[in-house]
There are 2 protein chains.
Amino acid sequence: MRAEIVAVGTELLLGQIANTNARWMSEELAAIGVDVFHHQVVGDNLERIVEAIGMAASRADVVVVTGGLGPTQDDITRDALARFLGVPMERYPEIEDLLREKFRAFGRREMPESNLRQADVPVGARTIVPQRGTAPGLVAEVDGTTIYAVPGVPEEMVEMMEGTILPELSAMSPGTVVRSKILRAAGIGESALAERVADLFEASTNPTIAFLARGIEGLSVRLTAKAATPEEARALIEPEERKLRETLGDLVFAVDDETMESVVLDLLRERGLTLAVAESLTGGLVAARLVNAPGTSSVLRGAVVSYMTEVKRSLLGVRAEAVVSEECAREMATAVRKLVDADVGISVTGVAGPEEQEGKPAGTVFFGLAVGDEPVEAMGTRLPGQRDQVRQFATISLLNLLRLKLLSLS
Amino acid sequence: MRAEIVAVGTELLLGQIANTNARWMSEELAAIGVDVFHHQVVGDNLERIVEAIGMAASRADVVVVTGGLGPTQDDITRDALARFLGVPMERYPEIEDLLREKFRAFGRREMPESNLRQADVPVGARTIVPQRGTAPGLVAEVDGTTIYAVPGVPEEMVEMMEGTILPELSAMSPGTVVRSKILRAAGIGESALAERVADLFEASTNPTIAFLARGIEGLSVRLTAKAATPEEARALIEPEERKLRETLGDLVFAVDDETMESVVLDLLRERGLTLAVAESLTGGLVAARLVNAPGTSSVLRGAVVSYMTEVKRSLLGVRAEAVVSEECAREMATAVRKLVDADVGISVTGVAGPEEQEGKPAGTVFFGLAVGDEPVEAMGTRLPGQRDQVRQFATISLLNLLRLKLLSLS
């Protein structure tokens, strides 16, 4: 099955944003064995959108159009699709009801009439009901080609791809499935990782092994198998995954979409431990990441962002003279654990940069770990990059240290 | 002058990378007044590259092809261009010399013969001599259309665009520059914004007005003017910007790349005020955003993430029975302000969801503002979306409330 992606939006042609939707969609389509031979991008211009859809429909079995479905005057993908199909537009009452209901739920007063444009649908098209946003997706069939139109807002596009389009396409092309599994590793450099798994990499055919550098979020190794069924694909992956895990040990922190924070929260929950966080240079990033993960409520008790030295002293009672020090990290972890009455306290202090502090260069970071009544641990490191990268690296590094510590507890 | 970008590379169609070259090229072309109406992406397939170049040449004055000029077997843009032009390939001795010389300079032993593919040029084409890389760019003219081909490696593409292509195009279309200004608005829905500026939108020609939905980060209105000089373009934008600002008032929070947090920090700094943050459902997001902005050190004193009710009581001394309440927000703002000795305390408490809390539905959020010795303010709202959206909306809403409060201070 061959698919083509048409992205609509003058902002793409002006270079204000990159076409990340096409990237994501292509990756997902490839994963279910659908070939993508072309991407097109056109602006918010009726004739050119109609032409682009026509071109795509002439050479692909499936066309996915993204963008131009919103409520404003320059959202004209609906009209272009109707023009291409040669049908008029019709207001779908069930979509109108949905829009009014969403507006009420959002707590806004009165819905502007222009919003109802989103209830106008080319006659005969199916709609995909939106969860997050207000613009419905559209589905039309013409001469054996299926045309999908989804919003350009990435979250809304992803919702419709995952909820409707990818499952429909999978069902239409049985017989070849592609399954991937991603192992995520932290605490090792890209070339060191590549060397460790070089033999496995050389020998890999089905599944194939690929490296995906993910920068700050760690490195990933992807295993991709093709087979007739998902079960067969998984069975091909399983022995290779085992070999990889043997090679990499506890460098592997997560699988597929798992995140460092979800893994850490699971480990805490399994051990019945609650958590407190004291942050300096990361300014709330560590806590914010933990709160992103589901099920954090029973684990994370609270956090203190002691950005200024005075606040470290007054609120956390830090007495260490240097605040960029192991001693300070140790005091912060101990204090925050007591302050919010948690089982585990973690801390990070350091120099985000660009200026040095207390004679220590940008990137100097110290971490603290206070677990129950065990002796408080602290360690320092030097992280690379600009200010924001140092803060991101510090965040993931602290969570990884906590992960390794929790694994070492019985 | 109309240009079209053709990106070549199977990795783009597999979704392994985003088409960031097209983004960058489009932005640069727009800035010199060249219109881009289409992007195309094709894989490393001779027929499809020839077709794509043909399509682009049929509707544009300038075609820029990027990718497929390297030394490997799947680099076939050279061959596709020759096929499209209907000319044979010829080895250019001066490029061959250049390749050998570069190889020596790189300190490599012997140049693989395959590297010489890069010296093969469609007969009659000009070359762009590479500085960083080894692949020369190509320039051909056919029926009044100029076709450029540059490497896909971003640095090499940029080098040839900046060194050769953009200057040539500027010289071909003197006297047109394009300048944009983006006004960012918060606290208003997309359709309501569109209605408010509908008249301006309808009447707009030069500058044009466009809406850019940015979801949680607020909405943007972009003014784009074409003129002979940057000064004239700015002069065209100025009166329209004034009208927009009159219509939108203090809904406009930022211009171009400014962020909500940088604006808030500037307002605090101008007024000589320091800040404290108490967060519940946002779990550190508010503080983390503020820390992202430059110059935060002199303003943000500290933050408390009181995720659990017990911590709100023990650390912030909250006495309100309901923690999802105006009263609690007021107490949190007052307490954190005192706790870290700041001039201004802000707070947010509420229900991220998906479950309700204290009988209040997901999305119910209360904000508190404690400024100096003024009476503490609090207000509630109901935010839309899933858990993570509620938290993001709550973060930006709290910062926007603080912005409006600071504007109201003399």
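The values are calculated or read from the model by the stated rules, or taken from the named source; none is laboratory data. Keep in mind it's a predicted model, so treat the numbers as computed, not measured. No Cβ is skipped: glycine too gets one built from the backbone with ideal geometry, and neighbour counts run over all protein chains shown.
Brief remarks on what is shown
- Within the range B:270-286, the residues that satisfy the criterion of being buried (at least 24 other Cβ atoms within 10 Å of the Cβ) and on the phi > 0 side of the Ramachandran plot are B:Gly283, B:Gly284.
- Boolean, A:Ala60 is surrounded by 22 or more Cβ atoms within 10 Å (Cβ to Cβ) and over 25 Å from A:Glu11 (Cβ atoms): no
- Restricting the range A:96-127 to residues that are among the aliphatic types (A, V, I, L, M) and closer than 20 Å to A:Thr146 by Cβ leaves a set whose member that is nearest to the other protein chains (Cβ to nearest Cβ) is A:Val121.
- Looking at the range B:314-395, the strands (runs of 3 or more DSSP E) lying wholly inside it that each contain 3 or more residues that are closer than 23 Å to B:Thr259 by Cα and touching a Ser or Thr at 6+ places or on another chain (Cβ under 8 Å) sit at B:344-350, B:364-371.
- Taken as a whole, the condition of being among the aliphatic types (A, V, I, L, M), more than 8 Å from every other protein chain (Cβ to nearest Cβ) and within 30 Å of B:Gly144 (Cβ to Cβ) does not apply to B:Val41.
- Selection from the range B:54-65 of residues that are touching a strand residue (DSSP E or B) at 6+ places or on another chain (Cβ under 9 Å) and within 13 Å of chain A (Cβ to nearest Cβ): B:Met55, B:Ala56, B:Ser58, B:Arg59, B:Ala60, B:Val64
- Residue satisfying condition, being in contact (Cβ under 8 Å) with a residue 12 or more places away in the chain and either within 25 Å of A:Arg313 (Cα to Cα) or touching a His at 6+ places or on another chain (Cβ under 7 Å) (or both), within set B:Lys312, B:Lys405, B:Lys338, B:Lys360: B:Lys312
- Of all residue pairs spaced 6 or more apart or on separate chains, those with beta-carbon atoms under 7 Å, a first member in the range A:79-94 that is over 8 Å from A:Pro122 (Cβ atoms) and a second member that is of a type in the set (S, T, N, Q) are A:Tyr92/A:Thr127.
- The residues listed here are A:Leu265, A:Leu290; of these, the one that is over 15 Å from A:Val351 (Cα atoms) and more than 8 Å from chain B (Cβ to nearest Cβ) is A:Leu265.
- Scanning the range A:18-31 for residues that are more than 7 Å from chain B (Cβ to nearest Cβ) and surrounded by fewer than 19 Cβ atoms within 10 Å (Cβ to Cβ) turns up A:Glu28, A:Ala31.
- Filter result for B:Leu219 (hydrophobic (A, V, I, L, M, F, W, C), within 13 Å of another protein chain (Cβ to nearest Cβ) and more than 23 Å from the chain's Cα centre (by Cα)): no
- Qualifying position, being buried (at least 22 other Cβ atoms within 10 Å of the Cβ), at pLDDT below 95 and not acidic (Asp, Glu), among A:Thr77, A:Thr72: A:Thr72
- Set B:Ser325, B:Ser298, B:Ser314: member being at pLDDT 95 or above and polar (S, T, N, Q): B:Ser325
- Yes/no for B:Arg132 being surrounded by fewer than 19 Cβ atoms within 10 Å (Cβ to Cβ), free of Cβ contacts under 8 Å to residues at least 60 places away in the same chain, under 39 Å from the mean Cα position of the chain (by Cα) and closer than 25 Å to B:Ser58 by Cβ: no
- One residue from A:Val252, A:Val264, A:Val221 being surrounded by 14 or more Cβ atoms within 10 Å (Cβ to Cβ), under 24 Å from A:Leu406 (Cβ atoms), out of contact with any Ser or Thr (no Cβ under 8 Å at 6 or more places or on another chain) and at pLDDT 95 or above: A:Val264
- Number of the exception - A:Phe84 against (1) assigned to a strand (DSSP E or B); (2) more than 11 Å from every other protein chain (Cβ to nearest Cβ); (3) aromatic (Phe, Trp, Tyr): (1)
- When B:Arg271, B:Arg319, B:Arg301, B:Arg313 are screened for being within 8 Å of chain A (Cβ to nearest Cβ), more than 21 Å from B:Gly187 (Cα to Cα) and of a type in the set (Lys, Arg), only B:Arg301 passes.
- Counting only residues that are over 22 Å from B:Ala335 (Cβ atoms) and buried (at least 24 other Cβ atoms within 10 Å of the Cβ), the range A:287-298 holds 2 of them.
- Qualifying positions in the range A:375-410 - of a type in the set (S, T, N, Q) and within 13 Å of chain B (Cβ to nearest Cβ): A:Gln386, A:Gln389, A:Gln392, A:Thr395
- Checking the range B:203-214 against the condition returns a match, with at least one residue being within 14 Å of chain A (Cβ to nearest Cβ), polar (S, T, N, Q) and in a loop (DSSP other than H, G, I, E, B).
- Residue within the range A:186-201 that is of a type outside the set (Phe, Trp, Tyr), surrounded by 14 or more Cβ atoms within 10 Å (Cβ to Cβ), within 19 Å of the chain's Cα centre (by Cα) and not assigned by TED's automatic domain parsing to the domain that holds A:Val50 present: yes
- Selected residue (criterion: surrounded by the fewest Cβ atoms within 10 Å (Cβ to Cβ)) from residues of the range B:32-49 that are among the hydrophobic types (A, V, I, L, M, F, W, C), at pLDDT 95 or above and touching an Asp or Glu at 6+ places or on another chain (Cβ under 9 Å): B:Leu46
- Every test in (1) at pLDDT 95 or above; (2) under 29 Å from A:Val177 (Cα atoms); (3) within 14 Å of another protein chain (Cβ to nearest Cβ) is passed by A:Glu238 save one, and that test is (3).
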